[in-house]
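The values are calculated or read from the model by the stated rules, or taken from the named source; none is laboratory data. Treat the numbers as computed from the prediction; the structure is a model and nothing was measured. Note that each Cβ is placed from the backbone with ideal geometry, even for glycine, and that neighbours are counted across all protein chains shown.
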Protein chains: 2
Amino acid sequence: MKRKQRSRIRWNLRQEILAFIARWYRQERTYPTVREIQRGLKISSPSVVAYHLRRLEEEGLIDRIGRRSRGIRLRRWPDGLAPEEDMIPIPFLGPIAAGEPIPHPDAEPLGWIRIPRSWLADGDDLFALRVQGNSMIDALVGDGDLIIVRPTPEVEDGEMAVVWLRDRHETTLKRVYREKERICLRPAHPIMSPLYVPAEVVQIQGKVIQVLRNLNGISLPAER
Amino acid sequence: MKRKQRSRIRWNLRQEILAFIARWYRQERTYPTVREIQRGLKISSPSVVAYHLRRLEEEGLIDRIGRRSRGIRLRRWPDGLAPEEDMIPIPFLGPIAAGEPIPHPDAEPLGWIRIPRSWLADGDDLFALRVQGNSMIDALVGDGDLIIVRPTPEVEDGEMAVVWLRDRHETTLKRVYREKERICLRPAHPIMSPLYVPAEVVQIQGKVIQVLRNLNGISLPAER
DNA sequence: CTTGACATGGAACAAATGTTCGGATAAGAT
DNA sequence: ATCTTATCCGAACATTTGTTCCATGTCAAG
């Protein structure tokens, strides 16, 4: 009498399933169903998939969300390379130039730039400015660069800050060092000499978190 | 005889549905089902949702993938702000410093950095280097900066390139201008004077696509 | 060889999910 | 008021999807 040949045990099937889920997500931007895994890996029964999914969950490699369809989630991605990542929208407020005060942080954004969450310590309350002109070149920031700023009236010693100099009506980027009666504004460029000004002249607008420079013709903030 | 009060027509329900889908995706990292939309927006029947989804598809605002569960896709996101985006992995090859040649582009990566796809013209064949020291400061690139490079032996006039100077055994970043017999290497810093060298001395390693500087203590390439 | 942990197969069930249909209603246009 | 279009509603239906159960098989270790 004819007996169906049972297929050989695939001892690394759980790894295959993990890889399949990642592959499927990359392509479809959604997670596969049990039966999609079954068909994709030529598994004979959904129960086999269910069995391995349960084991994977016990091993802490995946999460499952109740009984919802497509409720599988990868805990860690193979190679640590998640295909997508949270992007935090940051308002783009406009230009920053030597002779002009920066736009007010609460102003209506001219556009948005999105930064991967993992690039920032915490995503609250940032904004982006585009540098105009070469006046901040001693901060190693050139024309067209984009800077990400956290608005704050105080920074730690040595941090790069957006500074408004009341007496000169000028915006600049400098490293700030507090001294007794005065404040030392030090350029990032090591051969440039520092500037010493009275404390009451300095108005700190925010702390520079990041500098982005694109040389391939793509301008980052998606103006709309 | 008692008649159930029919709710008022919500003339902007389709917009509500669009916003709901975006919100749901942001939170759950997956698309909602018809009935999840129904419950979330307190709609009386799944047929109402189905009706509006059909209309949204006709208007080209969403796509639907067959009859699969969670087969709704947003064509455009409200405000153009997709919560996630493709991140392209770029190999991090190591340091770049004045006295050293850069690592070979095919070398084993020391880590990976992920860049949003929209920040790059095309994602093929890039690598990342971390700048060591202040030797490239006249290119407005400082110690610790990360540069994204496309390896190529040729660049257009005026483009920023990674250059190996054979005679000095030195790596540098300069804007390259071809002249008759010689090549002009111009610093990004406008007050620095250009360097003229014979063409055979210059070996172009690649074109600088992007410069990233993080001042908040997070180092971008996730070394593993 | 025997044993036991682990993996597979098939079927059925229950729940979730997408769809269809006819009729009713709301609201703007004429 | 009448007409017309768009919308809403409830129910039922057809698939899809997750799950369970039990029998059976594989294979490495002892």
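At-a-glance table
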{"read-out": "Top-ranked residue of region A:113-135 - restricted to ones that are surrounded by 20 or more Cβ atoms within 10 Å (Cβ to Cβ) and hydrophobic (A, V, I, L, M, F, W, C), ranked as farthest from B:Ile88 (Cα to Cα)", "value": "A:Val131"}
{"read-out": "Residue selected from region B:70-80 under the condition on the phi < 0 side of the Ramachandran plot and surrounded by fewer than 14 Cβ atoms within 10 Å (Cβ to Cβ), by the criterion nearest to DNA strand C (Cβ to nearest atom)", "value": "B:Arg75"}
{"read-out": "Subset of region A:77-114 [modelled with pLDDT under 85 and either in a strand (DSSP E or B) or under 10 Å from the mean Cα position of the chain (by Cα) (or both)]", "value": "A:Glu84, A:Glu85, A:Asp86, A:Met87, A:Ile88, A:Pro89, A:Gly111, A:Trp112, A:Arg114"}
{"read-out": "Subset of region B:45-63 [within 14 Å of chain A (Cβ to nearest Cβ) and either surrounded by 14 or more Cβ atoms within 10 Å (Cβ to Cβ) or within 12 Å of DNA strand D (Cβ to nearest atom) (or both)]", "value": "B:Ile62"}
{"read-out": "Extreme residue, farthest from B:Tyr25 (Cα to Cα), among residues of region A:1-15 that are within 10 Å of DNA strand C (Cβ to nearest atom), among the hydrophobic types (A, V, I, L, M, F, W, C) and not in a helix (DSSP H, G or I)", "value": "A:Ile9"}
{"read-out": "Residues (part of a helix (DSSP H, G or I) and hydrophobic (A, V, I, L, M, F, W, C)) located in region B:16-51", "value": "B:Ile17, B:Leu18, B:Ala19, B:Phe20, B:Ile21, B:Ala22, B:Trp24, B:Val34, B:Ile37, B:Val48, B:Val49, B:Ala50"}
{"read-out": "Qualifying residue in region B:212-223 (condition: β-branched (Val, Ile, Thr), more than 14 Å from chain A (Cβ to nearest Cβ) and surrounded by fewer than 16 Cβ atoms within 10 Å (Cβ to Cβ))", "value": "no"}
{"read-out": "Residue ID - nearest to the chain's Cα centre (by Cα), chosen from residues in region B:52-74 that are more than 20 Å from A:Ile72 (Cβ to Cβ), in a strand (DSSP E or B) and among the charged types (D, E, K, R)", "value": "B:Asp63"}
{"read-out": "Residue check for B:Asp106: of a type in the set (Asp, Glu), within 14 Å of chain A (Cβ to nearest Cβ) and over 20 Å from B:Leu165 (Cα atoms)", "value": "no"}
{"read-out": "Yes/no for B:Ile90 being more than 14 Å from every other protein chain (Cβ to nearest Cβ), within 30 Å of B:Phe127 (Cβ to Cβ) and touching a Leu at 6+ places or on another chain (Cβ under 7 Å)", "value": "no"}
{"read-out": "Qualifying residues in region B:64-79 (those that are more than 11 Å from chain A (Cβ to nearest Cβ) and touching a strand residue (DSSP E or B) at 6+ places or on another chain (Cβ under 8 Å)) - the one farthest from DNA strand D (Cβ to nearest atom)", "value": "B:Arg75"}
{"read-out": "Residue count for region A:26-69, restricted to those that are among the basic types (Lys, Arg) and within 11 Å of DNA strand C (Cβ to nearest atom)", "value": "6"}
{"read-out": "Filter result for the condition that a residue is touching a Ser or Thr at 6+ places or on another chain (Cβ under 9 Å) and farther than 16 Å from A:Arg68 by Cα, over B:Ile17, B:Ile65", "value": "B:Ile65"}
{"read-out": "A:Pro32 modelled with pLDDT of 95 or more and more than 35 Å from the chain's Cα centre (by Cα)", "value": "no"}
{"read-out": "Residue within region A:159-166 that is farther than 30 Å from B:Pro78 by Cβ, of a type in the set (Asp, Glu) and either outside the structural domain of A:Phe92 (by TED's automatic domain parsing) or under 23 Å from the mean Cα position of the chain (by Cα) (or both) present", "value": "yes"}
{"read-out": "Only listed residue being under 24 Å from the mean Cα position of the chain (by Cα) and at pLDDT 90 or above, chosen from B:Leu173, B:Leu185", "value": "B:Leu173"}
{"read-out": "One residue from A:Glu159, A:Glu154, A:Glu170 being within 13 Å of chain B (Cβ to nearest Cβ) and in contact (Cβ under 8 Å) with a residue 40 or more places away in the chain", "value": "A:Glu159"}
{"read-out": "Strands (runs of 3 or more DSSP E) fully within region B:128-224 counting 1 or more residues that are more than 30 Å from A:Ile148 (Cβ to Cβ)", "value": "B:160-165, B:170-178, B:182-186, B:195-198, B:202-214"}
{"read-out": "Every residue from region B:14-28 that is more than 12 Å from DNA strand D (Cβ to nearest atom) and without any contact (Cβ under 8 Å) to a residue 24 or more places away in the chain", "value": "B:Phe20, B:Arg23, B:Trp24, B:Gln27, B:Glu28"}
{"read-out": "Criterion violated by B:Trp11 - all others in (1) more than 9 Å from DNA strand D (Cβ to nearest atom); (2) exposed (fewer than 13 other Cβ atoms within 10 Å of the Cβ) satisfied", "value": "(1)"}
{"read-out": "Candidates A:Lys174, A:Lys180, A:Lys207, filtered to the one that is surrounded by 21 or more Cβ atoms within 10 Å (Cβ to Cβ), over 16 Å from B:Asn214 (Cβ atoms) and of a type in the set (Lys, Arg)", "value": "A:Lys174"}
